[in-house]
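Enquirer: Sending over a structure as structure tokens; questions will come in a sec.
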Amino acid sequence: MLTLISVVLAAIIFEYSNGFHDAANAIATVVSTRVLTPRKAIAMAAFFNLTGALFGGAVASTIGKGLVDTEIVTMTTVLCAVIAAFAWNIATWWFGLPSSSSHALIGGLCGAALAAARGNWSVIKWNEGVWPKVVIPMVTSPFAGFIFGALLMLLLFVTLHRFTPHFIHSLFGKLQIFSAAWMAHSHGTNDAQKTMGIITLALFTGTKAGSFDHFPAWLDFLKTPVFVLPKWVIALCAVTMAVGTAAGGWRIIRTLGHRMVKLQPVHGFAAETTAALIIQGASYYGIPLSTTHVISTSIMGVGAVKRFSGMRWTVVERIIWTWLFTLPASGLIGYVLERTVGAL
């Protein structure tokens, strides 16, 4: 029982950190363009993160049973994975770097599962899970964000070049509120699902191991003989992410919204619309996409069209290095934690 409580508590803390760590994904541009005040932007992002988290389940299934062999996973393995992801989240948040909470969780899970299997790499589902749903999207989604963000911005330039700057600023000041809301909703449909999958995995493995057999009848809601998301898990994760989002992530908001490139409402609209469309599509197919990667590169694409020399490429370089290190670093932390616990 203590292990289960630890898993759920750690997962909720991670979900909370995911909320404030990734709040910038939805609202960095709408804040930097001064369309909304930070307080109003965070409130909006929290609400739409909540609505997004309540829909779908494909991403949760991928995280829970599509990446590693569930036969080798225990509740301790899940706990080590979540702690590893949380540690990486906090480290990158502290330095204001928009790393991927998704890849941190995936890396932590794979590393902990590998340690539990005593180094047997076959426990990781490479062909049907990790390669097609993690590694390939990790490479292609940033390119898609950059290219489609740039194309949409070019299309807007061609369409709007006859209108006055005042009209464009006024129009997209309103439209950007809708694009930011959609971005927040799509973030909820993808990111919140990951923690739902982790908690359900812990309940599923605990049920298979008979850990809940001696619990009183009123705790029967914990038993999960089939990998199906319990409603209470969905509600708990959705509310936690919304609360975490409400806490804000000011360090990362400054990096995305100010340090890479200065944006105007039309640029914010293009970046958010591009990112939301890509993330929503990935959620439909159960791909645990990095919302951070997508919105960051969408901003880069839009900024490059606006003024290529205006991009602060040193900041971009730091972000890319963080992306590259996230999976192996969190995997190593998860591996070490699981081996340490196993040796006790």
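Enquirer: For VAL68, list long-range residues whose amide hydrogen, built 1.01 Å from N in the peptide plane, is under 5 Å from its own amide hydrogen.
Expert: Those lying under 5 Å, H to H, from VAL68 are LYS125.
Enquirer: Spelling out what I want: for every residue of the stretch 180-192, take phi, set θ = phi - 60°, compute 6.51 cos²θ - 1.76 cosθ + 1.60 (Karplus), and round to whole Hz; glycine and proline get x.
Expert: 5, 5, 5, 4, 5, 5, 5, 4, x, 5, 9, 6, 5
Enquirer: On the accessible surface of the chain, probed at 1.4 Å, how many percent belong to carbon and sulfur atoms? Don't skip to the answer; put the middle values down first.
Expert: Numbers: 10320 of 14480 Å².
Carbon plus sulfur share of accessible area: 71 percent.
Enquirer: Starting from 0.36 nm per residue, how many nanometres of slack lie between ASN120 and ALA247 once their C-alpha separation is accounted for? Walk me through the numbers before you get to the answer.
Expert: Working: separation 127, 0.36 × 127 = 45.72 nm, distance 4.03 nm.
Extending this stretch completely gives an extra 41.7 nm.
Enquirer: Among the trypsin sites (Lys or Arg not before Pro) within the stretch 100-155, which fall in a DSSP loop and have no more than 15 other Cβ atoms within 10 Å of their own Cβ?
Expert: Details: sites: ARG118, LYS125, LYS133; in loops: ARG118, LYS125.
The qualifying sites are ARG118.
Enquirer: So, one more: How high is the FRET efficiency between LEU160 and TRP321 when r is their beta carbon distance and R₀ equals 35 Å, given to the nearest 0.05? Walk me through the intermediate numbers first.
Expert: Values: r = 36 Å, r/R0 = 1.02.
Step by step, r from the Cβ atoms, then E = 0.45.
Enquirer: Ok, one more. VAL135 to ILE168: extension gain in nm, 0.36 nm per residue of separation minus the Cα-Cα distance? Provide the component values of the computation, followed by the final result.
Expert: Details: separation 33, 0.36 × 33 = 11.88 nm, distance 3.88 nm.
Contour length minus Cα-Cα distance gives 8.0 nm.
Enquirer: Between the stretch 172-200 and the stretch 125-165, what's the alpha-carbon centroid distance in Å?
Expert: Their Cα centres are 17 Å away from one another.
Enquirer: Per-residue HN-Hα couplings for the stretch 132-142, Karplus 6.51 cos²θ - 1.76 cosθ + 1.60 at θ = phi - 60°, whole Hz, x for Gly and Pro?
Expert: Taking θ as phi minus 60°, the curve returns x, 10, 10, 5, 4, x, 4, 8, 7, 5, x Hz for the stretch 132-142.
Enquirer: Using mean Cβ contacts within 10 Å as the protection proxy, how do 208-220, 266-278 order, highest first?
Expert: Working: 208-220: 10.8, 266-278: 27.6.
Highest to lowest by the protection proxy: 266-278, 208-220.
Enquirer: Moving on. So what is the relative contact order of the chain, in percent, for Cα pairs below 8 Å that sit 6 or more residues apart?
Expert: Numbers: 670 pairs, mean separation 133.2, N = 344.
Relative contact order here is 39 percent.
Enquirer: Could you report the chain's accessible area per residue, 1.4 Å probe, as an integer in Å²? Walk me through the numbers before you get to the answer.
Expert: Working: 14480 Å² over 344 residues.
Spelled out: the 1.4 Å probe surface of the chain, per residue, equals 42 Å².
Enquirer: Separate question: For LYS223 and ARG39, what does the FRET efficiency come to when R0 = 51 Å and r is the distance between their Cβ atoms, rounded to the nearest 0.05? Show your work: numbers first, answer last.
Expert: Working: r = 42 Å, r/R0 = 0.83.
It comes out at approximately 0.75.
Enquirer: Quote to one decimal, in nm, the extra length available between LEU54 and VAL341 on full extension: 0.36 nm per residue of separation minus the C-alpha distance between them. The partial results should precede the final answer.
Expert: Working: separation 287, 0.36 × 287 = 103.32 nm, distance 3.42 nm.
My answer for the length gained is 99.9 nm.
Enquirer: Looking at this model, which pairs from LYS125/LYS306; LYS174/LYS306; LYS40/LYS194 are more than 32 angstrom apart at the alpha-carbon? Spell out each step's value before the answer.
Expert: Numbers: LYS125/LYS306 42 Å; LYS174/LYS306 20 Å; LYS40/LYS194 26 Å.
Over 32 Å Cα-Cα: LYS125/LYS306.
Enquirer: Using +1 on the beta carbon of Lys and Arg, -1 on that of Asp and Glu, and nothing else charged, what's the dipole of the chain about the Cα centre, debye to 20? Intermediate results must be reported in sequence, preceding the final value.
Expert: On the way: 22 positive and 11 negative charges, 224 e Å.
Here the chain has a charge dipole of around 1080 debye.
Enquirer: Would you list, by chain and number, the aspartates and glutamates whose Cα falls below 20 Å from the Cα of LYS231, excluding same-chain residues fewer than 8 positions away?
Expert: Leaving aside aspartates and glutamates fewer than 8 places away in the same chain, those within reach of LYS231 are GLU15, ASP191, ASP220.
Enquirer: Next up: Test of the criteria: in the stretch 1-92, which chymotrypsin sites (Phe, Trp or Tyr not before Pro) are in a DSSP loop and have at most 16 other Cβ atoms within 10 angstrom of their Cβ? Numbers along the way, then the final one.
Expert: On the way: sites: PHE14, TYR16, PHE20, PHE47, PHE48, PHE55, PHE86, TRP88; in loops: PHE55.
In loop regions of the stretch 1-92 (DSSP not H, G, I, E or B), the sparsely surrounded chymotrypsin sites (Phe, Trp or Tyr not before Pro) are PHE55.
The values are calculated or read from the model by the stated rules, or taken from the named source; none is laboratory data. Source: prediction; values computed, not measured. For neighbour counting, all protein chains shown are included, and Cβ atoms are generated from backbone atoms with ideal geometry for every residue, glycine included. These accessible areas exclude ligands, DNA and RNA; they are computed on the full protein's heavy atoms, side chains included. Shrake-Rupley method; radii C 1.70, N 1.55, O 1.52, S 1.80 Å.
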